[in-house]
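Below: one structure, written as structure tokens.
The values are calculated or read from the model by the stated rules, or taken from the named source; none is laboratory data. Fair warning: this is a prediction, and the values are worked out from it, not measured in the lab. We place every Cβ from the backbone using ideal geometry, glycine too, and count neighbours over all the protein chains shown. The accessibility values were calculated without ligands, DNA or RNA, using every heavy atom of the protein model including side chains. Shrake-Rupley method; radii C 1.70, N 1.55, O 1.52, S 1.80 Å.
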Amino acid sequence: SSAPRRFLSLAMGDEPYALAKAITDGGLRRGFAVWDKEAGEVKVSHSNLNPLKKFLEEDTIDYNKHEAMFFEVGKNTGVLHGAYLANTTRGQGCGGIRLRSYRNVEEYVRDGVRLATGMGRKSALAGLWAGGGKGVIAEPPRVNIQDFDGTPWEDQFKQLNDRDLEGYLDTKDVITNRFYRNILFREYGDFLTSLRGCYVAAEDAGVTVTDVDVVFERSRYTTCISAEKGGSGNPSV
């Protein structure tokens, strides 16, 4: 008989992609933490996310029995995608997608929790029948271009940095590349669709109208797309 699987130990002070590694350990790409009203506790998708459960249940600053947080590790990019729901009593969780770098797992989780809370309050104060939601994508510290197959991808990177074509490129070299962003935001669109409408996305810091148009290619749960596609454009303009 095989030995029991030993899951990766997760600490909230670890760099953000430790959360992605904890999720993918054991062959998984998705995870969640949800508030169970009946049990009065946080339930997580699998045991290696228990440190996240403990952190949320003990936190007295930002976490307030948020309904759910969903995570997915991108199939092609390996990027950590997240969607946070504060309260959907007034309707679907609505809020923009943020793309930025984080120092650690705690900062990544706190940002999503705070922003989801804030969006719920904004909607309520505006008299909208919408709940609080937020999308948070953790910018990867490194991008392994070997994860991508096909000449078109390689041709894109030949324009950026020939000497690194066989290895790694710094995020600053790829995060603004349209080809890369199309892959990343199509992944987020698929992730968003899989949530079946509990969260409706738009753009936020680090995300453009063009990016949201790409999300819209894969998910109807998207707002503030370009006028050319029938939307209202950037809500902050």
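Quick look at the values:
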{"quantity": "From the options Val79, Val105, Val113, residue that is out of contact with any His (no Cβ under 8 Å at 6 or more places or on another chain), among the aliphatic types (A, V, I, L, M) and at pLDDT 95 or above", "calculated": "Val105"}
{"quantity": "Which listed residue, of Gly233, Gly189, Gly206, is open to solvent by less than 60 Å² (accessible area, probe 1.4 Å) and more than 16 Å from the chain's Cα centre (by Cα)", "calculated": "Gly233"}
{"quantity": "Boolean, Glu217 is surrounded by fewer than 23 Cβ atoms within 10 Å (Cβ to Cβ) and not aliphatic (A, V, I, L, M)", "calculated": "yes"}
{"quantity": "Filtered residue count, the range 210-237, keeping only those that are under 26 Å from Met69 (Cβ atoms) and part of a helix (DSSP H, G or I)", "calculated": "8"}
{"quantity": "Residue in the range 1-14 that is open to solvent by less than 50 Å² (accessible area, probe 1.4 Å), in a loop (DSSP other than H, G, I, E, B), at pLDDT below 95 and within 28 Å of Ser219 (Cβ to Cβ) present", "calculated": "no"}
{"quantity": "Some residue of the range 186-209 being assigned to a helix (DSSP H, G or I), more than 17 Å from Ala116 (Cβ to Cβ) and polar (S, T, N, Q)", "calculated": "yes"}
{"quantity": "Matching residues, the range 20-73, being in contact (Cβ under 8 Å) with a residue 40 or more places away in the chain, small (Gly, Ala, Ser) and open to solvent by 20 Å² or more (accessible area, probe 1.4 Å)", "calculated": "Ser47"}
{"quantity": "Exclusive hit being touching a Leu at 6+ places or on another chain (Cβ under 7 Å) and assigned to a loop (DSSP other than H, G, I, E, B), set Thr60, Thr77, Thr88", "calculated": "Thr77"}
{"quantity": "Top-ranked residue of the range 192-208 - restricted to ones that are among the hydrophobic types (A, V, I, L, M, F, W, C) and out of contact with any helix residue (DSSP H, G or I) (no Cβ under 9 Å at 6 or more places or on another chain), ranked as farthest from Met69 (Cα to Cα)", "calculated": "Ala205"}
{"quantity": "Residue that is farthest from Val113 (Cα to Cα) [pool: residues in the range 74-96 that are open to solvent by 60 Å² or more (accessible area, probe 1.4 Å) and out of contact with any helix residue (DSSP H, G or I) (no Cβ under 6 Å at 6 or more places or on another chain)]", "calculated": "Lys75"}
{"quantity": "Criterion (modelled with pLDDT of 75 or more and touching a helix residue (DSSP H, G or I) at 6+ places or on another chain (Cβ under 9 Å)) met by exactly one of Glu154, Glu139", "calculated": "Glu139"}
{"quantity": "Hits in the range 97-106 - residues which are open to solvent by 20 Å² or more (accessible area, probe 1.4 Å) and under 17 Å from Phe32 (Cα atoms)", "calculated": "Glu106"}
